[in-house]
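The values are calculated or read from the model by the stated rules, or taken from the named source; none is laboratory data. Predicted, not measured: the structure shown is a model, and the values here were computed from it. Virtual Cβ from ideal backbone geometry, glycine too; neighbours counted across all protein chains shown. The accessibility values were calculated without ligands, DNA or RNA, using every heavy atom of the protein model including side chains. Shrake-Rupley method; radii C 1.70, N 1.55, O 1.52, S 1.80 Å.
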Protein chains: 2
Amino acid sequence: MTDDERLPQPATADIDLVTVLHALGDPVRMRLLLSYADGAEHSCDPRSLGLDHLHKSTVSHHMRVLREAGVTTTRVAGRNRFVSLRRTDLDARFPGLLDALLASAGASAGAGAGAAVPVPA
Amino acid sequence: MTDDERLPQPATADIDLVTVLHALGDPVRMRLLLSYADGAEHSCDPRSLGLDHLHKSTVSHHMRVLREAGVTTTRVAGRNRFVSLRRTDLDARFPGLLDALLASAGASAGAGAGAAVPVPA
């Protein structure tokens, strides 16, 4: 049995605010954040994330942006990859920010982030 | 004497979280936010904003992105324009978010937003 590995990600101290905001300033990535907010690990299957209208490579791109910004971590276990939110790291780096963002996303739902994800009719 | 006018801006209820994060996910615009955080009105002169290394049209573009996202308001008085932060509107729309962002920008200074603005040697 081999140890699980992590895909490359910035150290907590290197997480940059502007880079995080840029990562979250996209409706698909905001939707991913809301999926990851439960703290659980998620597979990379677009269907399980409610993004089955997007190409898998598009979803992978968005996941990479989040990981490289320091928002998420990706655990590699064999051929599977599991993504989760770096809540502890983000709370340590930017106290209060993640909670404010998640609360704001809730306030914005309907007219905002939730409705902004393009879904084919 | 004519009344002052405002350049077009979204109503408070129409300020969208993802659009705000996209607006602030840029080092120049984050620097503008920090300048506007004092609550005062600011002229559009790049020099007064510490952005004299950027072309005036570039600074104008960034100001427009902030205004159209609902982050700032621009008052037109004759030939002069004055920009200020929509703190009350942002606090009403997304309680706690602006304070968390400004505190995070402070935490990120040095390695983050502050140092990320390109300045010629």
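Per residue, region A:1-114 exposes 48 Å² of accessible surface when a 1.4 Å probe is rolled over the protein heavy atoms with every protein chain present.
Can you tally the net charge around A:HIS61? Count Lys and Arg as +1, Asp and Glu as -1, for every other residue whose Cβ sits under 13 Å from the Cβ of A:HIS61.
+2
If R0 equals 41 Å, the separation of the Cβ atoms of B:SER48 and A:ALA11 corresponds to a calculated FRET efficiency of about 0.65. Proximity of backbone amide H atoms, modeled 1.01 Å from N, is registered between A:ARG81 and A:CYS44 at under 5 Å, excluding neighbours fewer than 5 places apart on the same chain. Taking the 1.4 Å solvent-accessible surface of chain A as the whole, the part contributed by carbon and sulfur is 52%. Using a 1.4 Å probe over protein heavy atoms, the accessible area lost on pairing B with A, summed over both chains, comes to approximately 1800 Å². Largest first and in whole Å, the equivalent-ellipsoid semi-axes of chain A read 22, 20, 12, each the square root of five times a Cα gyration tensor eigenvalue.
Note on B:89-102: average number of Cβ atoms from other chains within 10 Å of each residue's Cβ is 4.
Legend: residues in region A:1-45 shielded by at least 50 square angstrom of accessible surface upon adding the remaining protein chains to the isolated chain (1.4 Å probe, heavy atoms) are A:LEU17, A:VAL18, A:LEU21, A:GLY25. As a calculated quantity, the FRET efficiency between A:ALA103 and B:ALA37 at R0 = 25 Å, using C-beta atoms, amounts to about 0.75. Taken about its Cα centre, region A:1-86 carries a charge dipole of roughly 220 debye when the Cβ of each Lys and Arg holds +1 and the Cβ of each Asp and Glu holds -1. Inter-copy label distances at A:ASP52, 7 Å along the Cα→beta-carbon direction, one decimal in nm, shortest first? Sorted ascending, the copy-to-copy spacings read 6.0 nm.
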